[in-house]
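Data block below; observations after.
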Amino acid sequence: MFKTVEYKDGKVRLIDQTRLPLEEVYVECDNYQDVARAIKIMQVRGAPAIGVTAAMGVALGAKSIVTKDFAEFYKEFVKICDHLSGTRPTAVNLFWAIERMKLVANKNKGKPVESIKDVLEKEAVKIREEDIFINKAMGNYGQELIENGDTILTHCNAGALATAGEYGTALGVIKVAHEKGKKIKVYADETRPFLQGARLTAWELVKEGIPVRLITDNMAGYFMWKGEIDKVIVGADRIAANGDTANKIGTYSLSILAKEHNIPFYIAAPLSTIDIKISDGSKIPIEERNPQEVTHLSGKRIAPEGVEVANPAFDVTPNKNISVIITEKGIIKPPFADGIKNLF
Ligand code: MRU
């Protein structure tokens, strides 16, 4: 089994997701700047995986601060946190994990700086372990919604690669259902422009022996119209307090197609993806990425020089298009504002 991210011998070790599925290689970061870069260039991606990796980056950065004085330490520590926070704007797990690390540093400020560094290292490792546990719990709740014989459509990659490892969020539900002996089939959207579906979801499912059919994004409506899709399950990068959900670009269109065809539309995400400070989806910052992701395929230009390009990496699915939200604490049904409030 591959390891998405781990903290090993004072280094952050990541499977390089930009090289998958052709090569299974790992990168090692021994400083926080390299961790930040790995997040930015998407060697590691997916909301929970970004959070776990950033926490490890914070721990690594803290180790490099040379002082015995807490005030001085904390000043440098905040700079490191800010650097890591600046990598990607949409997935709230990044900010959630960094805040948690800041809280731990503050809670331990009476201790010698050297032992605060150890506590931070332990906290980052704990965040990773918790995430794996959370995904399994989510999978257990979510699989109850899956029937034997279901065909499930998913978008982007919400698997082990997008989390601390092993199960994943949306793919976690699928994997647990499969483990329970339910016969399921998956349609994986290729997910232009970064191709997380073709490169990563297809790779994970083939590895797990779960039947998967890869389609281009614009085929989803056709297969729904043909009656071949029973359910849609996707992950999330940030869920507002009212249930509006930001996820990979194309998720919103899928939700409308699902609604038109009366297909249940499920979101699987941990509580760390819910941003209760944001009242609705209009307040979620949407990342705009490099135009080259659109104009080029595998480094080769496919669009004319000089063409104007838009490349928003996420869109927002309104809560009215979502059937349920699957979390590690159970399944939230509409009205989501009440369900979310109760869970927090
Ligand atoms: O740009 P990415 O690849 O980081 O986007 C990832 C997604 O949109 C996933 O669907 C989301 O993070 C859920 S992953 C458990």
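The values are calculated or read from the model by the stated rules, or taken from the named source; none is laboratory data. In this text the structure is predicted, and so the values were computed from the model without any measurement. Methodologically, a virtual Cβ is constructed for each residue, glycine included, from the backbone with ideal geometry; neighbour enumeration extends over all protein chains shown. Ligands, DNA and RNA are excluded from the accessible area calculation, which covers all protein heavy atoms including side chains. Shrake-Rupley method; radii C 1.70, N 1.55, O 1.52, S 1.80 Å.
Tabulated data for the structure shown
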read-out	value
Residue match in the range 174-197 (condition: touching a Pro at 6+ places or on another chain (Cβ under 6 Å) and free of Cβ contacts under 8 Å to residues at least 60 places away in the same chain)	yes
Which numbered condition ALA105 fails, given (1) in contact (Cβ under 8 Å) with a residue 60 or more places away in the chain; (2) open to solvent by less than 10 Å² (accessible area, probe 1.4 Å)	(1)
Matching option when the condition is under 18 Å from the mean Cα position of the chain (by Cα) and within 19 Å of GLU166 (Cβ to Cβ), among ALA47, ALA36	ALA47
Flag for GLU130 being surrounded by fewer than 23 Cβ atoms within 10 Å (Cβ to Cβ) and in contact with a Lys or Arg (Cβ under 9 Å, 6 or more places away or on another chain)	no
Matching residues, the range 29-56, being free of Cβ contacts under 8 Å to residues at least 60 places away in the same chain, within 16 Å of the ligand (Cβ to nearest atom) and open to solvent by less than 10 Å² (accessible area, probe 1.4 Å)	VAL35, ALA36, ALA38, ILE39, VAL44, ILE50, THR53, ALA54
Helices (runs of 4 or more DSSP H) enclosed by the range 176-281 - at least 1 residues per element that are within 17 Å of PRO21 (Cα to Cα), open to solvent by 10 Å² or more (accessible area, probe 1.4 Å) and within 15 Å of the ligand (Cβ to nearest atom)	202-208
Residue list for the range 287-326, filter: crowded, with 17+ Cβ neighbours inside 10 Å and among the aliphatic types (A, V, I, L, M)	VAL294, ALA313, VAL316, ILE322, VAL324, ILE325, ILE326
